[in-house]
Amino acid sequence: MNYLLIRLKNKLFGLKNIMISILLVLLVVSLTYTYFITQKEVIYDVGIVDNDKSITSNLFIEDLESHKEINLFVFEDEIEAFKELKSGKLDIIYEINLGFENKLKKGDYNDVLSYNKESTMKITSWLNDYIALKVIKNYVYFDIYKLINENTQADYDLNEYREIYIKNYEDNSIIKLNIVNLEKDEYVVDDSKRIFVFIIGTIILYISMSFGKEIINEKNRNIIKRLDVSDISIVKYIFIKFLVLLIYLIIPIIISYLILSNINVLDIDGLVIDLIKFTIFIFIDYFVVLLFIVLFKEKNKYMIFMQAYILVSMLISSNIFKGTFEFFNKVSLFFPLSVLIDKF
C-alpha cells in the first residue's frame, strides 16, 4: 500500500504532473469541441441512383436536392456511383428501386429504397431516419386517398387531395415536432463522442507506452529486483503500475467528460458506462505494452515497435483505408483502439 501511495504521489502531484494533466484536458476538450462546432456546418455527400425513373422518383430527387444539408449527386447507373463511393467522394449511396412509384401508390413502403455506405459515421442513421420519414410523409397521401375512395362516397381528384393533404400536415404541430427531433444535432453528438474516444484512446496508447519505457528502465537499473527483496514481487509491481496508470488516466478523462457535457457536446448519463469501457481498454492496452516489453526487451526496439503499433492503430481506427484495402478491414479487430471506437 505504501509503495502504491508513493507511486501515485510521484505521478499525480508536483507542478510538472499537474501541468501535464491540465494540458491533456485542454487538448481533449479543445479538439472535441472544435470538431463539434465544425460539424454543425457539415454537408453530406450523397449519391442517388434512380432505377424507377418515374414522375414520383423525379419529384423525390428534386425534394432532396432542395435541402442544404445534403450535397446530392444523381447517377445514371450504380457502377459509376460505386466508384465514387469507393474513392471516398461520397458518404452513402441510395438507390430508388424499380417500382418505387407503383408501390407508394399502393401504400407499400417495403424495399422502395436501398442504400450502401463506406462511412462508419452516424450519418447513416440520421439520413435513413430523415429520408424514411420524408418518403412516408410526402407519399402517404396515395394510400389515404385510396382508402377514402374505397370506403366512402367521396370522389376527390388526386392532385386536389394532395394539395389538401400538404396544407394539413404543414399545419400539424405534432408532425413538425417529430421532424425537429430528427434534426442533425443527434448525429453531431454521437459522432463528436467517437472523436472524443479516438483522441482519448490515442493519448492512452502514448501514455501507456511511456509507462512501459519506465518499466524497462527500472528493470535495467535493477529496481525491480530490489523491490522483490523488499517483499514487492514482480506481479505486485506490475499490478501497482497498472493501478497508477489507471488513476493517472481516469482523472483527466472524467474532467474532460464533465466539461464537454456541460457545453452539451457529450451526454453525462453515459459517463459511468463509458468509464468502464475506458478501464477495460486501458487494461488491454497495458497487457499489449507488457507483451512488447517481453518480446523486444531492449528500450530502443520497444520504442520503435510500440510507436509503429500506435501509428497503425490510429490509421486503422480512423477508417482512412476502409473500403480500399480488405486487409485493413479484417485486421482492425486485433487493434483495441479500433474495437473501443466501434463500441461507442
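At-a-glance table
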{"quantity": "Verdict on residue 45 being free of Cβ contacts under 8 Å to residues at least 24 places away in the same chain and outside any helix (DSSP H, G or I)", "calculated": "no"}
{"quantity": "Any hit, the range 260-271, residues being buried (at least 17 other Cβ atoms within 10 Å of the Cβ), assigned by TED's automatic domain parsing to the domain that holds residue 237 and among the hydroxyl-bearing types (Ser, Thr, Tyr)", "calculated": "no"}
{"quantity": "Yes/no for residue 289 being in a helix (DSSP H, G or I), buried (at least 18 other Cβ atoms within 10 Å of the Cβ) and not aromatic (Phe, Trp, Tyr)", "calculated": "yes"}
{"quantity": "Those residues of the range 262-317 which are on the phi > 0 side of the Ramachandran plot and more than 19 Å from the chain's Cα centre (by Cα), in sequence order", "calculated": "297"}
{"quantity": "Residue 24 being part of a helix (DSSP H, G or I) and surrounded by 15 or more Cβ atoms within 10 Å (Cβ to Cβ)", "calculated": "yes"}
{"quantity": "Filter result (within 31 Å of the chain's Cα centre (by Cα) and part of a helix (DSSP H, G or I)) within the range 50-68", "calculated": "60, 61, 62, 63, 64, 65"}
{"quantity": "Single residue of the range 27-42 satisfying the filter (touching a residue at least 40 places away in the same chain (Cβ under 8 Å) and of a type outside the set (Val, Ile, Thr)) that is surrounded by the fewest Cβ atoms within 10 Å (Cβ to Cβ)", "calculated": "40"}
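The values are calculated or read from the model by the stated rules, or taken from the named source; none is laboratory data. Keep in mind it's a predicted model, so treat the numbers as computed, not measured. When we count neighbours, we look across all protein chains shown, and the Cβ atoms used for this are built from the backbone with ideal geometry, even at glycine.
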